[in-house]
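The values are calculated or read from the model by the stated rules, or taken from the named source; none is laboratory data. All values reported here derive from a predicted model rather than from experimental measurement. Heads up, the Cβs are rebuilt from the backbone with ideal geometry, glycines too, and the neighbour counts pull from every protein chain shown. We work out accessible area using only protein heavy atoms, side chains counted, and drop any ligands, DNA or RNA first. Shrake-Rupley method; radii C 1.70, N 1.55, O 1.52, S 1.80 Å.
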Amino acid sequence: MAAPSWRGAGLVQEVLRVWQVGPHVARKRVIPFSSPLSFQRRCVSCVAGSAFSGPRLASASRNYGQGSALDHFLGFSQRDSSVTSCVPAVSMHTDEQDLLLVHHPDMPENPRVLRVVLLGAPNAGKSTLSNQLLGRKVFPVSKKVHTTRCQALGVITEKETQVILLDTPGIISPGKQKRHHLELSLLEDPWKSMESADLVVVLVDVSDKWTRNQLSPQLLRCLTKFSQIPSVLVMNKIDCLKRKSVLLELTAALTEGVVNGKKLEMRQAFHSQPGTRCPSPAVKDANTLSVGNPQRIGWPHFKEIFMLSALSQEDVKTLKQYLLTQAQPGPWEYHSAVLTSQTPEEICANIIRAKLLEHLPQEVPYNVQQKTAVWEEGPGGELVIQQKLLVPKESYMKLLIGPKGHVISQIAQEAGRDLMNIFLCDVDIHLSVKLLK
């Protein structure tokens, strides 16, 4: 089955047809080879189409901002750039990305810069928030813990201001790192990131009843060691709360009743709507606890509090504007066309791994090795990717392929759509599953 052409009039016709039947389209085929009994010799490939929403051919990037692949292909005009700047794409060519990273920044006459570190427990939503702030889904996201395995860097550039986001792995204890044989980067990267930070964003998942009532000892130690760096609290996933009054109780615990050096008065401080910045209370004097208090469960030195859902573009907009206003005069570190420091291959591997985590049960996805066999530009300008997924057990192979190849096909389809909106080009992705010898 030949891959359809997605260019010129054919593309417009195809998009119109897809708009009529639904928001997502992809073609998939399961290719059995000579031995139908061997899962090892089965390959699944997928050619993914674009995803979009709206009553007409509106922006395909409702979830992650403007500049989607569909907008790019059809030449749709963007909204007023004075409201939202166009989000740059990532080059599919490693050499182009490398050159861009070392290119002299095209900064204006009065540049401003801010380095922001996102800290929080595993699965608190740091990568989801980073993606929403950046305007593209360049960091891997899944419901399982430890999706982010090492520090990743994203760049927001608007007018004269550049904000550099350091998306770190979830903070864990040395005991957990050893017990689960996790990479050392999960333990070290959050601390290393703090050394160059101008602002710390502490993310708390308020939907997790087991962890939301206090900051972890590891996180508190990190904040204490770098107490000279300003920090803000972001209470994430508020859309999952049935009882919003819980936010008041959590705020009191996580801040020890003190915000921006002032004692918190609940009745006055939290009338704002979710997704907006809660004003720092300006009442009475602070009664903070000593930094070395062994019973500490919160941090009384937060400058601001934000309550939001990282999935909501509107919610995150307030936080983004705050970060832009906190930037200080100083030279940019990157060209305005840089969106992330990751290589195209790293982005692809991380996106596919996130899909594995999302679709496979328990420990299975953590035991899958990825090996990129082909990464090249096709004759029509499309990105052709062939990646081998190596598993240690035949039972894992069966789970990964799924009935009639459904699971591996779904993974390829979802990864293809994500990559299409990162690179702004057609993506032809082929995934094969093999048993490790």
How do the pairs read when you match residues in the range 246-259 that are in contact (Cβ under 8 Å) with a residue 24 or more places away in the chain with residues anywhere that are outside any helix (DSSP H, G or I) and among the basic types (Lys, Arg), using Cβ under 8 Å and keeping only pairs 6 or more apart or on different chains? LEU250/ARG212; GLU256/ARG296; GLY257/LYS263; VAL259/LYS303
Hits in the range 90-128 - residues which are surrounded by 19 or more Cβ atoms within 10 Å (Cβ to Cβ) and touching a helix residue (DSSP H, G or I) at 6+ places or on another chain (Cβ under 7 Å): VAL90, SER91, MET92, GLN97, LEU114, VAL116, VAL117, LEU118, LEU119, GLY120
Cβ-Cβ under 9 Å, sequence separation 6+ or interchain: first residue in the range 227-240 and acidic (Asp, Glu), partner open to solvent by 70 Å² or more (accessible area, probe 1.4 Å). Which pairs? ASP239/LEU311
Got a number for residues in the range 230-249 being surrounded by 14 or more Cβ atoms within 10 Å (Cβ to Cβ) and within 25 Å of the chain's Cα centre (by Cα)? 12
Checked pairs for the range 363-381, first surrounded by 11 or more Cβ atoms within 10 Å (Cβ to Cβ), second small (Gly, Ala, Ser), C-beta under 6 Å and 6 or more apart or across chains, list as GLN370/ALA349
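Rundown of residues vs (1) assigned to a loop (DSSP other than H, G, I, E, B); (2) modelled with pLDDT of 85 or more, yes/no style:
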| residue | (1), (2) |
| --- | --- |
| VAL141 | yes, no |
| VAL145 | yes, no |
| CYS150 | yes, no |
| ILE156 | no, yes |
| PRO169 | yes, no |
| LYS178 | no, no |
| SER185 | no, no |
| PRO190 | no, no |
| VAL201 | no, yes |
